[in-house]
Every structure is written in C-alpha cells, then in structure tokens.
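Undergrad: Below is the structure I would like to discuss, written out as structure tokens.
Just so you know, all these numbers are worked out from the coordinates, no wet-lab data involved. Computed from a prediction, not measured in an experiment: that's the story for all the values here. Quick reminder, even Gly has a Cβ in these numbers, built from the backbone with ideal geometry, and neighbours come from all protein chains shown.
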Amino acid sequence: MTGDGVAGEIRTLAAISALASPHRLRAFRMLVRRGGAGMPAGEIAQALDVPPSTLSSHLAQLERAGLLRSTRQDRRILYAADLDGAKGLLAYLLDDCCDGHPELCGYVATLGPFRHLMTRQPADRTAAGDDRPFRVLVLSRRNAARSLIAEAVLNRLGHGRFEAYSAGTEPADSAHGPVLEVLHRRGLSTDGLRPKSTARFEAPGAPRFDFLVGVADRARGRPMPRWKGRPTPSLWNLPDLPGGNGPAGAAKPAGSSDYWDLFDQIAMRARLFLDLPMEQLRRRSLVTQGLDTTSTPESRSIVMDRDAFNVLFLCRGNSARSIMAEAILNREGKGRFRAVSAGSDAVGTVHPYTLDLLRQLDHPIDGLRSKSWDAFAGETADRLDFVFTVCDQAAAEVCPVWPGQPMTAHWGVPDPAAAAGTEAERRLAFSDAYRMLMNRISLFVNLPIASLDRLSLQKQLDEIGRSSQAAPV
C-alpha cells in the first residue's frame, strides 16, 4: 500500500475508493473486529443484511484494493481484514503529519507504521564543526505551563542537537497538572519537568546558552540578566491560559482545548526553529561571543538598529488581502513591525466584507484605505525592510524600485473578492483568507531575524509563503 510517486497514489486511491461504500466500509470494520480468524461470506452477508451476490462484488473490490485477504478452509472461503494493507494506507496518508514529526500526534504515533519514526535521528548532529548541542533557555513568569511545554518539545524534537531548559522570574511551586497530562498523552517525557527560578541559571557553573526564548509578552521590555554566552534572543508570543499566573489548581482541566491548542502553537514554533540553518545559527552564536574570525560582511546578520521593521503588503486592488495583512501585522507585531499596504492597480475603496471581518475581530480599521504602490516608491519614501505580494497578479508585475533594498517574498492567497455563491459563502472566503494570512504572519513575527543572514532569512520567508496550512496561532 505504501510507496512514493504515482504508484503510491494509485494504490491509495484504490483503497479509499473501496471504502467509499457503506456496505464495504461496514464489512471491513466488522472483519477488523473479528481479527485474523476471518468469516465466511454467508455470515458477513447475514450480519450486514446484504444479498450474497451483491456482497461478493464488494468483497472482491476490497481484496483488489489490498484491504482484504481470502483463504480457503476445507470447502469454505474465509475473509479477513488485511491489517498490513490498512496500516500501509494510514502510513501513506499520515507519515508526514506534523511536518514529519508524527510523535507529536499522540495516538497516531502508536500505530505500527509510525513507530520507527519515534526513535529516528537526524543525519547530521553537528553544526559548523561543533558537536556540542545548542543550549536553549525558555523563559516565562511562572514557568508552570508555556515554558515547560517548550522545554519538553524542544528536547524531544531536537534529537540531541538541542538541550532545552526553562525557568521563571517568579516560578510557581509546581507545574500545572493539565500541562503534564497533555505532554504525557502526546508521548513526551515529564521526568524532572518542574518550575525553576532564573537565578539557577545565573549561578556559577550554570551552562552557557546559545538561544534565549521568551514565551510571554510580559517579558518584552523587562531588563534581563547578562546570561553566560550572550545568547541570541527571540520572543514567541503565546497566550497565557486562564489561571496561568495563579496557583496550579486554578488552571483548566486537561480536557480543555486551550492546553491542546497551546501545545500545537508551541510545537509549530519549535519545528520552525529547528528547521533553521544551524550552521549560520552556530556562527551567529560565536559572533556574539567574539570568537568567530571567519565571518564576512556578506554573511553577517541583517539586524537593523531601528525601533521597527517597515513591511509593505502588495496585491493588485488593495481592497481585501493586503488590507487584512496590514491590520494583522500591525497588531501581531506589537510595535516591532510597521505594516502598510498598497495595490498595483488600487480600486480606491476597501471591500466592505474586509472591514466587517476586521471589525468583528477587534482590529482598528481607522486609516485603512486602498492606495497605489506609487506612494511607497521613490527617493522620498520611507525605507522598507520587507515587501510581500499576496496575489499572483501583483507578483507577476514589474515592481517599482523600493527604497532600502527590502527583502521580498510571495505569499499567494486566493482572492476572496472573487468568490461566488451566497453571502455566507462569500464571507467564508474572506475568513479563510484572513486565517491563511494570520498563520503566515504569526510565523514571520516569530522568526529570529537578528540571528539570520540574508540568504537564510530569504529561505525562511519563501517557506512561509509555501505553508498554506500552518497551524493556527
């Protein structure tokens, strides 16, 4: 059943087609429950209340699809579910789940086809000739939920390339019970996972860190100790759970979707972080410590000594997608980004469904207007750091010369204004466009821009544009 390319697709489509009948699906499930013993066709027909002649064709199709096997026993033919074929179907459909990390999918990871992935190791554990693991310190206030999840996820997905720790400025007495339960259900170890004070990592003998990750907005703007190793900082904006800053007993139960959503948000950021070019990151770590003598001006960070990065979103009409992106980034960027939008052939008015949606989602809409991209070109225009096209038409056009030599990427999103159907269906198209833009912008604002050279950052921007179904944040 498994296999890459066209052959794998053909086998998978045959299996799905075979199950796309109520009678065949019921027969298959009944045979799965029966196990390896199997059943004669007569008993199956009687149990399903299906004429024997009709059942015969159903069983034949399931067997051709690799989901059923038949064996002759005396004068009878017994039919049994082919569990290897069923597992092969699941493996083909789910083998790349969670960006190739099925161990984060809980029950899925316990299925036979995926067990080999639980212990796989990356081909290369070294970076820039240094086999010491990258050390990451994750910080929050109470160190009872978000930072503990991040510590566990990074240690699991890092496969020995990373050593993750977590700490709090005002640590709680114990971890939230629901957090430990969610980690346990996802198959992650909770041994030794407990709140710790940041003072522990300032003491003599504490490890030197390469990266410092804050997971709470409250960390922004607060003076931080001078950590050993002068680690590269990053901020992952993550919502605090109800009761998250109170006693552990005040938290919601593990069955609450809040904890599962929080885990998924942290796992998404961790995978993005782990996929960064480690050689450049190791070099960045050495540069900050004054130990690297090989870096050149071309390979150094693009970090800019300004309060905020200027970002321009482009589409043709500047009435829906680019307007949404402007509003999202100005809120999610939390002052680190200044977003504007424009159109190559601006229609002059913002689509009313765009304004309605942004208003419902508590975005400020004052000042949002449809305007030409000419306003952001020329010598007198403000310097731009990033320019993103969100429609194919604008991406194909010859753009003006932007001031500041900004980095560019194409984040194509279907045009909601072109959607047909009822009013509800058209408004749903706007909601879908908003969701895609929110996902991509959330990934963008959490990139460690200060630690990436231009080539590495360009790769990450392009990858975000290809990620149409990133997990919501």
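Undergrad: Take peptides 435-448, 321-334, 50-63 and line them up by average Cβ neighbours within 10 Å, highest first, as a rough protection proxy.
TA: Values: 435-448: 21.3, 321-334: 23.9, 50-63: 15.5.
For the peptides 435-448, 321-334, 50-63, the packing ranking is 321-334, 435-448, 50-63.
Undergrad: Now, a different point. Set the Förster distance to 25 Å, then compute FRET efficiency between I10 and E63 from the Cβ-Cβ distance, nearest 0.05.
TA: Efficiency for this residue pair is about 0.90.
Undergrad: May I pose another question? Once label points are set 7 Å from the Cα along Cα→Cβ at both D432 and E43, what is their separation, rounded to one decimal in nm?
TA: Inter-label distance under the simple model: 4.7 nm.
Undergrad: Give me the extension gain from A308 to A381: residue separation times 0.36 nm, minus the current Cα-Cα distance, reported in nm with one decimal. Mind dumping the intermediate values first?
TA: Values: separation 73, 0.36 × 73 = 26.28 nm, distance 1.61 nm.
Stretched out fully, the A308 to A381 stretch lengthens by 24.7 nm.
Undergrad: Let me ask another. Can you tell me the length gained on complete extension of the stretch L83 to A424, counting 0.36 nm per residue apart and subtracting the Cα distance? Intermediate values should be presented prior to the final figure.
TA: Numbers: separation 341, 0.36 × 341 = 122.76 nm, distance 4.30 nm.
Gain on extension, L83 to A424, equals 118.5 nm.
Undergrad: Would you work out which of I10, S53, Y79 lies farthest towards the positive end of the dipole of region 5-89? Charges go on Cβ: Lys and Arg +1, Asp and Glu -1.
TA: Y79
Undergrad: Now for a separate question. Cβ under 13 Å from P195's Cβ, P195 left aside: what net charge do those residues give with Lys, Arg +1 and Asp, Glu -1?
TA: Working: positive: R141, R142, R146, R194, K196, R200; negative: E151, E170, D173.
Residues close to P195 contribute a combined charge of +3.
Undergrad: Something else now. I want the local charge near G348. Using Cβ-Cβ distances under 13 Å, sum +1 for each Lys or Arg and -1 for each Asp or Glu among the other residues. Please report the intermediate quantities before stating the final value.
TA: Numbers: positive: R316, R369, K371; negative: D345.
Spelling it out: positives minus negatives among the neighbours equals +2.
Undergrad: For region 434-440, in order, what is each residue's ³J(HN,Hα) by Karplus, 6.51 cos²θ - 1.76 cosθ + 1.60 with θ = phi - 60°, in whole Hz (x at glycine and Pro)?
TA: With the stated coefficients, region 434-440 comes to 4, 4, 4, 5, 4, 4, 5 Hz.
Undergrad: Applying the Karplus parametrisation 6.51 cos²θ - 1.76 cosθ + 1.60 with θ = phi - 60° to the phi angles of region 418-432, what ³J(HN,Hα) value in whole Hz is obtained for each residue in order, glycine and proline being reported as x?
TA: Values, residue by residue: 8, 5, 10, x, 6, 4, 4, 5, 5, 5, 4, 4, 5, 5, 5 Hz.
Undergrad: Taking the number of other C-beta atoms within 10 Å as the exposure measure, put C315, C391 in order starting with the fewest. Spell out each step's value before the answer.
TA: Numbers: C315 31, C391 24.
So the ranking, lowest neighbour count to highest, is C391, C315.
Undergrad: Describe numerically, in nm with one decimal, the distance between label points set 7 Å from Cα along Cα→Cβ at R33 and at R72.
TA: According to this spin-label approximation, the distance is 3.1 nm.
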